[in-house]
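Chemist: Handing you a structure now.
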Amino acid sequence: MLAEMPQLATHIDRTLMMVYIFSAFVCHILSACYHTFKGTDQDGFTAWYRLDLTGIVVLIAGSNFVGIYNAFYDDKMWILIYNIPLAIMLGMAVFFTNAPAYRGRKYDEHRTLTLAASVAIGGLPMAHWLFFRCWGLECFWKAAWPTLILGFCYGMGFVFFYFRIPECFAPGRFDTYLHSHQWWHVFVFAAAYVWLHGMLRYTSWRVNSPLPADLAAAANATNVV
Ligand SMILES: [Zn+2]
């Protein structure tokens, strides 16, 4: 996959893409472990379940780090402004998922809402990117399709997971197939796949394109002539 990175990509571009790919591997390996080893023992089940949810947090972190960098690579202040609250919320999601004092189903809402808040905070820089940095420019659609599909997949995953669709309509009927947790993983996998290819293509386009400042300078030079 990294072979698809453009030759002009910097070490930061390559490192963040590797971090993202690693986060997707961690998420799906932990998920595969949970669904393989959860068994019937309650303690073992909940321990693997915590790792399953922690893997999602790792993927959200990796997705946002590469996305925020691609969006604000020439303005480090915005990278900090968006990454700091995001890191705090992701830390809270890990805390509510793993802290012994917050185990049990009565804290499910804390876990789900901190995960959803992490995704929502990640939505702010994406909206900023699309509507304030790329609006009316060539980069708009290059940034829009991965961002919108990612948002749709995470949104649908959250709705299915939180409202326990479809088993809420017919309890017991979807325990083996089509359970909300399976839908959740389908949406997360689709989001990870689209984001990978979206970020690879965006990075290729970005590093082979002139900076906005260069475009402005070129436009001024043309006006002067
Ligand atoms: Zn799972």
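The values are calculated or read from the model by the stated rules, or taken from the named source; none is laboratory data. Quick caveat, the model's predicted, so the values are computed rather than measured. Cβ atoms come from the backbone with ideal geometry, glycine included; neighbour counts cover every protein chain shown.
Table: residues versus (1) within 15 Å of the ligand (Cβ to nearest atom); (2) surrounded by fewer than 18 Cβ atoms within 10 Å (Cβ to Cβ); (3) part of a helix (DSSP H, G or I).
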| site | (1), (2), (3) |
| --- | --- |
| 145 | no, yes, yes |
| 151 | no, yes, yes |
| 158 | yes, no, yes |
| 182 | yes, yes, yes |
| 198 | no, no, yes |
| 203 | no, no, yes |
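Chemist: Can you tell me which residue is modelled with the lowest pLDDT among those in the range 99-119 that are surrounded by fewer than 16 Cβ atoms within 10 Å (Cβ to Cβ) and not charged (D, E, K, R)?
Modeler: Filtering first and then ranking leaves 104.
Chemist: Scan the range 44-56 and report the pairs whose first residue is of a type in the set (Asp, Glu) and whose second residue is more than 8 Å from the ligand (Cβ to nearest atom), with Cβ atoms within less than 6 Å and a gap of 6+ or a chain change.
Modeler: From the range 44-56, the pairs are 52/30.
Chemist: Output the number of residues of the range 33-70 satisfying the condition of being more than 13 Å from the ligand (Cβ to nearest atom), in contact with a helix residue (DSSP H, G or I) (Cβ under 6 Å, 6 or more places away or on another chain) and of a type in the set (Ser, Thr, Tyr).
Modeler: 2
Chemist: So, one more: More than 19 Å from residue 56 (Cβ to Cβ) and without any contact (Cβ under 8 Å) to a residue 24 or more places away in the chain: does that describe residue 134?
Modeler: yes
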